[in-house]
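All remarks here apply to the structure that follows.
The values are calculated or read from the model by the stated rules, or taken from the named source; none is laboratory data. This structure is a prediction, so every number in the text was calculated from the model and none was measured. Here the Cβ positions follow ideal geometry from the backbone for every residue, glycine too, while neighbour counts run over all protein chains shown.
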Amino acid sequence: MNQFRLHNVDALRGFALLGILAVNIWAFADPYFAVGINNPRYAGGLDLAVRFVEALLFETKFYLLFSFLFGYSFTLQMAAAERAGAAFRPRMLRRACGLLALGVLHGFFLFYGDILHLYGLLSFVLVLWSASQRAAVRWAVLLLLLSALMLALLGAVVMLAPESMQADARPALAKLAAFHGDWRASQAYIASEFPSTVALLLFAQGPSALAMFLLGRAAGRVQLFAHVDAFRHLLPRVLMVGLPVGLAGATLYAAASEYDPGGAMTMFATALSYLTAPFLTAAYVAGLLMLFDGRCGARLVAALAPMGKIALTNYLMQSVVMALLFTGYGLRLCDELPPLAVMALVFAIYFTQMALSTWWLKRHTYGPAEWLLRSITNWTWRSAAPNNA
């Protein structure tokens, strides 16, 4: 049963990879992504509808789920250190440094929107955290409120001084030229954007990611997913409350993002979304746990869990594939595909990764990135053992 519960956690992480991919791909495919201007080349009704659905269901939600599961897995690392009779803090400090190093390399060479460096930095907080579970929950709530407040204040600034956030197409044109150039131009652009994105992510996602780390750590300390039967009767309630609350905030966020990108309304809607997105994330988890318990649940878990078990490798491989498709590293398809084709590509990449993850884990115990991070964590450099299970 415990093994099945662990597969549940892996399956949730595998599902989270779909949302991460569905958001990150726009940073490669659309030069106007996060510029504050809608792409004039794809302004038809279907194009706007696809972007609306993507913002509604994916943006600001899945990094929360990923962060929650990261915090939960942190407690599994604590248990592993205890079983090995090893000092916990040195191991986890090495792990945090490993994540930080991988994130910096990833951010400079593949994807300037990398999240690993932020996870590495925030991991130091988890390593040093010694307060109670109740305090962790209180701090998580305060951090989410702080995130919303900061965005609301930024929205007030934009509303009072709209000239401070005037739309400018030049960043989009610079990105398009770099991604349509050779690999050197693409890499130089990615490297130049990474430092400013680090600051933006720390401000925009850092507090809420840390909040979900703390909630995940609190859930892991009580082994929440090892005792699903104890709260299974609550899952429909979580779904019934989380879905409407989460979708209400997500609808306002998606509408503002499409019709007032970069404006004050988007800032206010994002602030509201920071408060409602955890409800939708909880609804996703509750719905999946209910599906896992259904007639086809075992097959669904078997399909998703391998992806989640090597989530780090899959996250990095998503960037490799997207860089090869959209930048000067490969086909230079940036701004060449309409939104519907981009979303179709999301599912094509995701299901391919699903099949490859299953294939890989039949032959190996860890993914390549997981093996490297595990080696740094344990400070041992053994070759990855084949999977004979």
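In this structure, is D47 under 26 Å from L272 (Cβ atoms), surrounded by fewer than 23 Cβ atoms within 10 Å (Cβ to Cβ) and of a type in the set (D, E)? Full working, then the answer.
Values: under 26 Å from L272 (Cβ atoms): yes; surrounded by fewer than 23 Cβ atoms within 10 Å (Cβ to Cβ): yes; of a type in the set (D, E): yes.
Yes: the conditions hold for D47.
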_What's the total number of residues in region 328-374 that are in contact with a Pro (Cβ under 8 Å, 6 or more places away or on another chain) and not basic (K, R)?_
9
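Residue-by-condition table, conditions (1) surrounded by fewer than 16 Cβ atoms within 10 Å (Cβ to Cβ); (2) farther than 30 Å from L325 by Cα:
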{"position": "L153", "(1), (2)": "yes, yes"}
{"position": "A161", "(1), (2)": "yes, yes"}
{"position": "A188", "(1), (2)": "yes, no"}
{"position": "A191", "(1), (2)": "yes, no"}
{"position": "H227", "(1), (2)": "yes, yes"}
{"position": "V238", "(1), (2)": "no, yes"}
{"position": "A264", "(1), (2)": "no, yes"}
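May I ask you to say which residue of L116, L149, L201 is farther than 30 Å from W379 by Cα and not charged (D, E, K, R)?
Numbers: L116 fails: farther than 30 Å from W379 by Cα; L201 fails: farther than 30 Å from W379 by Cα.
L149 is the lone residue from the list that is farther than 30 Å from W379 by Cα and not charged (D, E, K, R).
Could you please find all residues in region 28-74 being touching a Lys or Arg at 6+ places or on another chain (Cβ under 6 Å) and of a type in the set (A, V, I, L, M)? Working first, answer last.
So in region 28-74, the residues touching a Lys or Arg at 6+ places or on another chain (Cβ under 6 Å) come out as 31, 69, 71, 74.
Within region 28-74, just L69 meets the criteria.
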_Near pairs, Cβ below 6 angstrom, 6+ apart or cross-chain, from region 191-216 (farther than 23 Å from F28 by Cα and in contact (Cβ under 8 Å) with a residue 24 or more places away in the chain) to any residue that is surrounded by fewer than 20 Cβ atoms within 10 Å (Cβ to Cβ) and aliphatic (A, V, I, L, M)_ = P207/L146
*If you check T358 against the conditions, is it in a helix (DSSP H, G or I), of a type in the set (S, T, Y) and touching a residue at least 24 places away in the same chain (Cβ under 8 Å)?*
yes
_Against the definition (surrounded by fewer than 20 Cβ atoms within 10 Å (Cβ to Cβ) and either assigned to a helix (DSSP H, G or I) or not acidic (D, E) (or both)), how does F28 come out, yes or no?_
no
*Candidates L215, L288, L333 - the one that is closer than 28 Å to A152 by Cβ, modelled with pLDDT of 90 or more and surrounded by 19 or more Cβ atoms within 10 Å (Cβ to Cβ)*: L215
*region 57-76: number of residues that are in contact (Cβ under 8 Å) with a residue 60 or more places away in the chain and in a loop (DSSP other than H, G, I, E, B)*: 3
*Is one or more of the residues making up region 105-120 over 19 Å from F28 (Cβ atoms), aromatic (F, W, Y) and at pLDDT below 90?*
no
*Identify the single condition in (1) in contact with a helix residue (DSSP H, G or I) (Cβ under 7 Å, 6 or more places away or on another chain); (2) touching a residue at least 40 places away in the same chain (Cβ under 8 Å); (3) in a loop (DSSP other than H, G, I, E, B) that F33 does not satisfy, given that it satisfies every other one.*
(2)
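Only one residue in S164, S130 is under 21 Å from V222 (Cα atoms) and at pLDDT below 85, so which one is that?
Details: S164 fails: under 21 Å from V222 (Cα atoms).
Within the list S164, S130, the selection yields S130.
Scan region 355-368 for residues that are of a type in the set (A, V, I, L, M) and closer than 12 Å to K309 by Cβ and report the count. Even if it seems obvious, please write down each step before you answer.
The first filter runs over region 355-368 and keeps only residues of a type in the set (A, V, I, L, M), leaving 355-356, 361.
Next cut, closer than 12 Å to K309 by Cβ only: 361.
Qualifying residue count, region 355-368: 1.
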*Can you give me the ranges of the helices (runs of 4 or more DSSP H) entirely in region 86-179 with at least 1 residues that are within 21 Å of the chain's Cα centre (by Cα)?*
88-109, 116-128, 133-160
*Please enumerate the residues belonging to region 36-51 that are in a helix (DSSP H, G or I) and out of contact with any Leu (no Cβ under 8 Å at 6 or more places or on another chain).*
G45, L48, A49, R51
*asked:* Please verify whether E54 is closer than 19 Å to M343 by Cβ and part of a loop (DSSP other than H, G, I, E, B), treating the condition exactly as stated.
replied: no
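Given the options G297, G249, G220, G308, name the one that is in contact with a Phe, Trp or Tyr (Cβ under 7 Å, 6 or more places away or on another chain) and either without any contact (Cβ under 8 Å) to a residue 12 or more places away in the chain or buried (at least 22 other Cβ atoms within 10 Å of the Cβ) (or both). Steps first, answer last, please.
Numbers: G297 fails: in contact with a Phe, Trp or Tyr (Cβ under 7 Å, 6 or more places away or on another chain); G249 fails: in contact with a Phe, Trp or Tyr (Cβ under 7 Å, 6 or more places away or on another chain); G308 fails: in contact with a Phe, Trp or Tyr (Cβ under 7 Å, 6 or more places away or on another chain).
When all the criteria are applied, what remains is G220.
In the set M322, M354, which member is surrounded by fewer than 20 Cβ atoms within 10 Å (Cβ to Cβ), within 18 Å of the chain's Cα centre (by Cα), closer than 30 Å to S186 by Cα and of a type outside the set (G, A, S)?
Being surrounded by fewer than 20 Cβ atoms within 10 Å (Cβ to Cβ), within 18 Å of the chain's Cα centre (by Cα), closer than 30 Å to S186 by Cα and of a type outside the set (G, A, S) holds for just one of M322, M354, which is M354.
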